[in-house]
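The values are calculated or read from the model by the stated rules, or taken from the named source; none is laboratory data. All figures in this text were calculated on a predicted structure; none of them were measured in a lab. As a convention, Cβ positions derive from the backbone with ideal geometry for all residues, glycine included, and neighbour counts pool all protein chains shown. In case anyone asks, the SASA skips ligands and DNA or RNA and just uses the protein heavy atoms, side chains included. Shrake-Rupley method; radii C 1.70, N 1.55, O 1.52, S 1.80 Å.
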Amino acid sequence: MPLGSAGSAGTSFTPEQERILSKVLRRIVPFLLLCYVVAYLDRVNVGVASLTMNHDLGISPSEYGWSAGLFFFGYFLAEVPSNLALQAVGARKWIARILITWGLLSAATAFAVGPASFGVMRFLLGIGEAGFTPGVFLYFTYWFPARARGTATAAFLLGIPIANIIGNPISSSLLALDGVAGLHGWQWLLILEGVPATILGFVCLFTLTDKPEQAKWLNPEERAWLGEVLANERQAIAAKHASSLKDAFTNWRVLVCAAVNFCAIIGSVGLGLWMPQILKGLGFGVVTVGFLAAIPYICGAVAMMLWARISDRGGERSWFVASALVVGAAALVACGYASSSVTISIIALCGAIVGIMCYQSTFWPIPSSFLTGSAAAGGLALIVSIGNLGGFVGPYLIGIIREQTGSFSWALIAVAAFLLVAAILIRLVGVNLQESRSALPTTAHA
């Protein structure tokens, strides 16, 4: 039966079209979600490892913040080349390469012998993992129309809270392997949590499909409808915003989005890497810290899916992003001022993670609404790479302030200021896109 037309901006999908998109979602996103769980776990598990590793390796708070953040500097350097390679080689092969590389490097970090070697391994891990996240966002533009991309993105980004929900308790429990086979507990943690990524790399070769026209699990009519909707959407974006690689680097919206992501990741990664030590400072033991650190991410997982669904139903998406950032900032300030109260501190940490997670689930559909083709490959990578420098600045900033003041209070307030700046900047993009949308077609015909 004919599938009819689908709205790319103003109209809804029919039930049959929704069924096709649900089918694509179920086929693609669960595997990528699993990969992201492993990716994020390998990225932030040093937060739990640091509870004993820092003492064993003689790493000070500022040295830990600097070395842990070097991951994102490596990520920054390799992000754009990696995403362009994905576009040229295909998502299936390139994502497999990324998974295998970072799994081996993450496990090798267990053999660091001091601050310098730990920093080097974090830098190499960043290079190895570079391209995965923007590659997935680019991959989603091959499969999901704009109106469905928010839900797909949020489902994928569930990897962040899931990694923290299951990762912190598992990681803290692995510290108990201290002394087994002559290795420290933190070494076992890094080795055992690095292996799954390499295994998933080989599984990826048999799981992903590069583009809809190659999908044997869709029938011909489904492939034709999805392909045409996406092609029409790309043409509309290209007509209004252009689609060459050069356009990505000269588009002011890309640079503003990169600045927004930079400020937001200062909060996201800074808080993620330091949360175990913040909780430990409240008087909890190592294993208890691992379980308590999961609570804010459980709240964040629920909130981000609800927020993404609401934003997909209409309205200016940048308002959803800005609101989430303001909530995160307010919660961080509350946590900074309530450092003497265990209950209020934990509630405030939950609020901060909820704000940050809701930001992530609603932010990423915005760049793909004005980027396509090579501009999408380069632009998304540029936004992620510049943004991830915040992953270097955040941990280091918190470490420096913590070392100078003896507490996390002023560090959390400083991070909150960056979230507020991000909220203001994203509205600049949102207002401009509102003005330009009227020139875009509202339907795509199959």
Review point. Considering the range 39-74 alone, what residues qualify as being open to solvent by 20 Å² or more (accessible area, probe 1.4 Å) and among the β-branched types (Val, Ile, Thr)?
Key: Thr52
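Out of Gly128, Gly119, report the one residue that is in contact with a helix residue (DSSP H, G or I) (Cβ under 9 Å, 6 or more places away or on another chain) and within 29 Å of Pro212 (Cα to Cα). Please lay out each step first, then the result.
Numbers: Gly119 fails: within 29 Å of Pro212 (Cα to Cα).
So the residue among Gly128, Gly119 that is in contact with a helix residue (DSSP H, G or I) (Cβ under 9 Å, 6 or more places away or on another chain) and within 29 Å of Pro212 (Cα to Cα) is Gly128.
Residue check: is Trp102 open to solvent by 10 Å² or more (accessible area, probe 1.4 Å), touching a Gly at 6+ places or on another chain (Cβ under 8 Å) and of a type outside the set (Lys, Arg)?
Numbers: open to solvent by 10 Å² or more (accessible area, probe 1.4 Å): no; touching a Gly at 6+ places or on another chain (Cβ under 8 Å): yes; of a type outside the set (Lys, Arg): yes.
Considered against the rule, which asks whether it is open to solvent by 10 Å² or more (accessible area, probe 1.4 Å), touching a Gly at 6+ places or on another chain (Cβ under 8 Å) and of a type outside the set (Lys, Arg), Trp102 comes out as no.
Mind listing whichever residues of the range 212-230 are open to solvent by 30 Å² or more (accessible area, probe 1.4 Å) and either hydrophobic (A, V, I, L, M, F, W, C) or closer than 13 Å to Ile28 by Cβ (or both)? Full working, then the answer.
Of the residues in the range 212-230, the ones open to solvent by 30 Å² or more (accessible area, probe 1.4 Å) are 213-214, 216-217, 219-221, 223-224, 228.
Across the range 212-230, the qualifying residues are Gln214, Trp217, Ala224.
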Check your understanding: Given Val326, Val384, which one is out of contact with any Cys (no Cβ under 8 Å at 6 or more places or on another chain), open to solvent by 10 Å² or more (accessible area, probe 1.4 Å) and within 26 Å of Trp274 (Cα to Cα)?
Key -> Val326
Point to revise | Top-ranked residue of the range 352-379 - restricted to ones that are more than 12 Å from the chain's Cα centre (by Cα) and aliphatic (A, V, I, L, M), ranked as farthest from Cys335 (Cα to Cα) | key: Ala375
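Ala259: part of a helix (DSSP H, G or I), open to solvent by 10 Å² or more (accessible area, probe 1.4 Å) and either under 20 Å from Thr133 (Cα atoms) or basic (Lys, Arg) (or both), yes or no?
Values: part of a helix (DSSP H, G or I): yes; open to solvent by 10 Å² or more (accessible area, probe 1.4 Å): yes; either under 20 Å from Thr133 (Cα atoms) or basic (Lys, Arg) (or both): yes.
Yes.
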Revision key, fill the gap. Of the residues in the range 131-155, those that are farther than 18 Å from Thr209 by Cα and at pLDDT 85 or above come to Ala155
Exercise for review: Return yes when Ala352 is more than 20 Å from Tyr36 (Cβ to Cβ), open to solvent by 10 Å² or more (accessible area, probe 1.4 Å) and small (Gly, Ala, Ser) and no when it is not.
Suggested key: no
Study note, to complete from the structure: Exactly one of Thr151, Thr109 is hydroxyl-bearing (Ser, Thr, Tyr), within 30 Å of Ser22 (Cβ to Cβ) and part of a helix (DSSP H, G or I), and that residue is Thr151
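So in the range 247-256, with the set limited to residues that are open to solvent by 10 Å² or more (accessible area, probe 1.4 Å) and assigned to a helix (DSSP H, G or I), which one is modelled with the highest pLDDT? Full working, then the answer.
Kept after step one, since they are open to solvent by 10 Å² or more (accessible area, probe 1.4 Å), are these residues of the range 247-256: 247, 249-253, 255-256.
This time we only want the ones that are assigned to a helix (DSSP H, G or I), so: 247, 249-250, 252-253, 255-256.
Working: Asp247: 67, Phe249: 72, Thr250: 73, Trp252: 83, Arg253: 84, Leu255: 86, Val256: 89.
For the range 247-256, the residue satisfying everything is Val256.
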